Amino acid sequence: MRLFLALALLFSGTARSADIVVHSVLFEPIGLAMMRAFNDAHRAKNLTLKIVRGQTGAMVSLYDQELRASKVSTDVMFLGDPGMFLKLAREGKLTTYCSPNFKDYRPEALSKDCSHMFFTAYYQYIAYNPELVKPNEVPTSWRDLLDPKWKGKVSIPDPKVGGGHYYFVFSMYKLFGKEWFEKARANDVMITQSHGTTHNQLMSGERAIGVDISALVRRDGPYPGGKGAPVKEAFPKEGGSLLPIGLGITKGGPNPALAKLFVDWLASLEGQKAVNRLGHFSLRKDFTSVEGDDLSKLRYHWWDAEELDRYRDQWTAEALKILN
């Protein structure tokens, strides 16, 4: 609803010509930090960044409608589904741009054709409530979620939701095969509609353990900048997944030159320091996060987007059939 209200305002002519409009899947605190930093840095140039938050599917659907009507309202899109970028690039719906700052990034952050790039990522791992899980019971493996002592006390993402949920399905299949889901069903796991739902269940004590993301756990838990809520992170020995957030410049957007200026800023060290905090990790070679994380010391999986797409329908349907 927020996305469509914002678009109504844009079409009504309230957005200035110097506005840079971004449609984004980022959590609101990070979006606000980005807007503050960019607007402060470019105040003298009379440039203003505006971020409208929404879901990947809804934003892409709206973008397709606007392309057909030749009335694109956004300059840049932040999406959380690498496969969607591949699709948009194949269909010629993105403006290619190779920022000079891209040279400072890890190879996996960049697309070969400069149609998109990944400017931040968060970690998908295990979280738990320390009031319900004793120190010697903290899970160290994805298999620990299948332990009978946690029967009825674990939440996992609903496979049919897609996005980050599918990353979890893909990870379990790659690491363990469908057997993991068969055992999860036997352990009476709860299927939730979002990482946020799982996160809230952990903090309230409704569940003891769950599949969560660093962007929520570090925002609310006892971490630098966190709120001190009863939720902690646990890194599985097999590794969790890095869930990348990418950007693409639209075709026919209102401010193509300013969109490139914004991408330059966001890809710079200054821009990355504004974004990568509270559980977000930069993919630059010289910086990871404000909290001082070091990706080279974290075991993580960066799954291939083409392979993710190849097995999406098959593994999603199979996991759903097993769990339901």
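Side notes on the structure shown:
- Residues of the stretch 48-75 classified as open to solvent by 60 Å² or more (accessible area, probe 1.4 Å), more than 18 Å from residue 246 (Cβ to Cβ) and part of a loop (DSSP other than H, G, I, E, B), total: 2
- Restricting the stretch 261-291 to residues that are crowded, with 18+ Cβ neighbours inside 10 Å and of a type in the set (Lys, Arg) leaves a set whose member that is farthest from residue 123 (Cα to Cα) is 284.
- Flag for residue 189 being surrounded by 22 or more Cβ atoms within 10 Å (Cβ to Cβ), modelled with pLDDT of 95 or more and in contact with a Phe, Trp or Tyr (Cβ under 7 Å, 6 or more places away or on another chain): no
- Where a residue in the stretch 190-210 is closer than 20 Å to residue 122 by Cα and its partner, wherever it lies, is of a type in the set (Gly, Ala, Ser) and open to solvent by 10 Å² or more (accessible area, probe 1.4 Å), with Cβ under 7 Å and at least six apart: 195/164; 203/229
Conditions tested, residue by residue: (1) open to solvent by less than 20 Å² (accessible area, probe 1.4 Å); (2) more than 16 Å from residue 168 (Cα to Cα).
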{"site": "180", "(1), (2)": "yes, no"}
{"site": "194", "(1), (2)": "no, no"}
{"site": "198", "(1), (2)": "yes, no"}
{"site": "212", "(1), (2)": "yes, no"}
{"site": "227", "(1), (2)": "no, yes"}
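- For the stretch 111-131, the tally of residues that are under 15 Å from residue 220 (Cβ atoms), part of a strand (DSSP E or B) and open to solvent by 10 Å² or more (accessible area, probe 1.4 Å) stands at 2.
- Residue match in the stretch 259-278 (condition: within 24 Å of residue 142 (Cα to Cα) and touching a residue at least 12 places away in the same chain (Cβ under 8 Å)): yes
- Any hit, the stretch 247-256, residues being in contact with a Phe, Trp or Tyr (Cβ under 9 Å, 6 or more places away or on another chain), more than 29 Å from residue 48 (Cα to Cα), surrounded by 21 or more Cβ atoms within 10 Å (Cβ to Cβ) and in contact (Cβ under 8 Å) with a residue 24 or more places away in the chain: no
- With respect to the conditions (1) touching a helix residue (DSSP H, G or I) at 6+ places or on another chain (Cβ under 9 Å); (2) assigned to a helix (DSSP H, G or I); (3) modelled with pLDDT under 95; (4) over 19 Å from residue 256 (Cα atoms), residue 36 falls short on a single one, namely (3).
- Pairs where the first residue, in the stretch 85-106, is more than 19 Å from residue 309 (Cα to Cα) and charged (D, E, K, R) and the second is outside any strand (DSSP E or B) and open to solvent by less than 40 Å² (accessible area, probe 1.4 Å), C-beta under 8 Å, 6+ apart: 104/267; 106/283
- Some residue of the stretch 279-293 being outside any loop (DSSP other than H, G, I, E, B) and aliphatic (A, V, I, L, M): no
- Which numbered condition residue 44 fails, given (1) without any contact (Cβ under 8 Å) to a residue 24 or more places away in the chain; (2) under 29 Å from residue 306 (Cα atoms); (3) of a type in the set (A, V, I, L, M): (2)
- Lone qualifier among 134, 87, 153 - being open to solvent by 10 Å² or more (accessible area, probe 1.4 Å), farther than 26 Å from residue 294 by Cα and touching a helix residue (DSSP H, G or I) at 6+ places or on another chain (Cβ under 9 Å): 87
- Scanning the stretch 292-313 for residues being under 18 Å from residue 212 (Cβ atoms) and open to solvent by less than 60 Å² (accessible area, probe 1.4 Å) gives a total of 4.
The values are calculated or read from the model by the stated rules, or taken from the named source; none is laboratory data. Note that the structure is predicted; figures quoted are calculated from it, not measured. A quick note on method: Cβ atoms are made from the backbone with ideal geometry, for glycine too, and the neighbour counts reach across all protein chains shown. Please note that ligands, DNA and RNA were not included when accessible areas were found on the heavy atoms of the full protein model with its side chains. Shrake-Rupley method; radii C 1.70, N 1.55, O 1.52, S 1.80 Å.
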